[in-house]
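Enquirer: I'd like to ask you about the structure that follows.
Just so it is clear, none of the values below were taken in a lab; they were calculated from the coordinates. None of these values were measured; they are calculated from a predicted model. Here Cβ is always computed from backbone atoms with ideal geometry, including for glycine, and neighbour counts include all displayed protein chains.
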Amino acid sequence: MGLMDLMDLFSNDEKKIARHTRRVTNRDAQPEDREASARWLADHGAPEALMGLMARFDMNLEHQLKDKGEKELVFSLLLDKGHSALGPIRSWLKRGRQFAFPLRLLEEMEGREAAVAQAFEMLQVEADKDDFKPEKKTGILVWLAEVHDPRVFELVPHFLKDFDEGVRYAASEVLVAQRDDRAREPLLGLLSNPDEESNRLKVRVTEIFVARGWQVDASLQELLPQGFTVRNDRVYSTR
């Protein structure tokens, strides 16, 4: 086989991967066609093909049960690839928008700690960015709310100052979920911030101060949402 024949072969291979990737993420395609393309990409097995297969995680169908079923199929196909899928999975986690399934794959293949470490690495990348795309930050924080890990206190407080209210709320939930008094200081900083405009967030955090009996300064009174008061260095509900 000559050089030109090899170039044509690789070119055709790339085109096939691209075609099946487009079809597996095409909402208008028939379900059986999307499944056929998913299986073709998995059988091909090259990193580019597996990346194309994982693109299905970023596409959502209106019919949630069908969507979940197709994603579970993709999950199974990738899990069957074993360690050959680890590189593409880690690459996808850096660029994809939906990552619950890829993190689950990582956990199945390498254990819970590997998935948690990867989530913190992803969150650090988001912390270093200067953009206005909150979806991935929110998603990672929601995932980390099920994790108890001291690294939370090093990284998550940064997101209490995010421009997006949803990100700030998700960050507060991660800290609350730790059930650790180290959450008091960053959450008090949020309550003490006169520029915090989210009443929903302030109410949620204030309720935590009530429930946990955390000490506060009397000067916090003027910043508390309606229905709460400071007495004897503690916050109480007046509702």
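Enquirer: Please compute the modelled spin-label separation between A114 and D181, points set 7 Å along Cα→Cβ, answer in nm with one decimal.
Expert: Here the modelled spin labels are 3.8 nm apart.
Enquirer: If I fit a long axis through the Cα atoms of helix 3-24 and take the longest principal axis of the Cα atoms of the chain, what angle between them do I get, 0 to 90°, rounded to 10?
Expert: It works out to around 50 degrees.
Enquirer: Okay, next question. Take V116, V142, V235, V205 and order them by how many other Cβ atoms sit within 10 Å, fewest up front.
Expert: If I rank by nearby Cβ atoms, fewest first, I get V142, V116, V235, V205.
Enquirer: What three numbers, in Å, describe the spread of the alpha carbons of region 12-109 along their principal axes, ordered from the longest?
Expert: Answer, in whole Å and largest first: 34, 31, 22 Å.
Enquirer: Rank the residues E135, E62 as a footprinting-exposure proxy: fewest other Cβ atoms within 10 Å of their Cβ go first.
Expert: Final ranking by Cβ density, sparse to dense: E62, E135.
Enquirer: Moving on to the next point. So what is log10(I(q)/I(0)) for region 73-138 at q = 0.16, 0.26, 0.27 1/Å, when the Debye sum runs over its Cα atoms only?
Expert: Here the Debye-derived log intensity ratios amount to -0.53, -1.17, -1.24.
Enquirer: Let me ask something additional. Points 7 angstrom from Cα along the Cβ direction at S237 and F163: gap in nanometres?
Expert: The two pseudo-label positions are separated by 3.5 nm.
Enquirer: Right, next: Could I have the simple spin-label model distance between D58 and V147, label points 7 Å from Cα toward Cβ, reported in nm to one decimal?
Expert: Calculated label separation equals 2.2 nm.
Enquirer: Related question: Return one number: the angle in degrees, 0 to 90 and rounded to the nearest 10, between the long axis of the Cα atoms of helix 86-95 and the longest principal axis of the Cα atoms of the chain.
Expert: 60
Enquirer: In whole angstrom, how far apart do the alpha carbon centroids of region 39-79 and region 128-202 sit?
Expert: Between the Cα centre of region 39-79 and that of region 128-202, the gap is 31 Å.
Enquirer: Further question on the same structure: For the chain, what mean projected area does the convex hull of the alpha carbons give, in nm²?
Expert: 16.6
Enquirer: I've got another one for you. Mind running the shape call on region 111-214? Use the C-alpha gyration tensor, a ≥ b ≥ c as the square roots of the eigenvalues: rounded below 1.5 for a/c, prolate if a/b tops b/c, oblate otherwise.
Expert: The shape class here is oblate.
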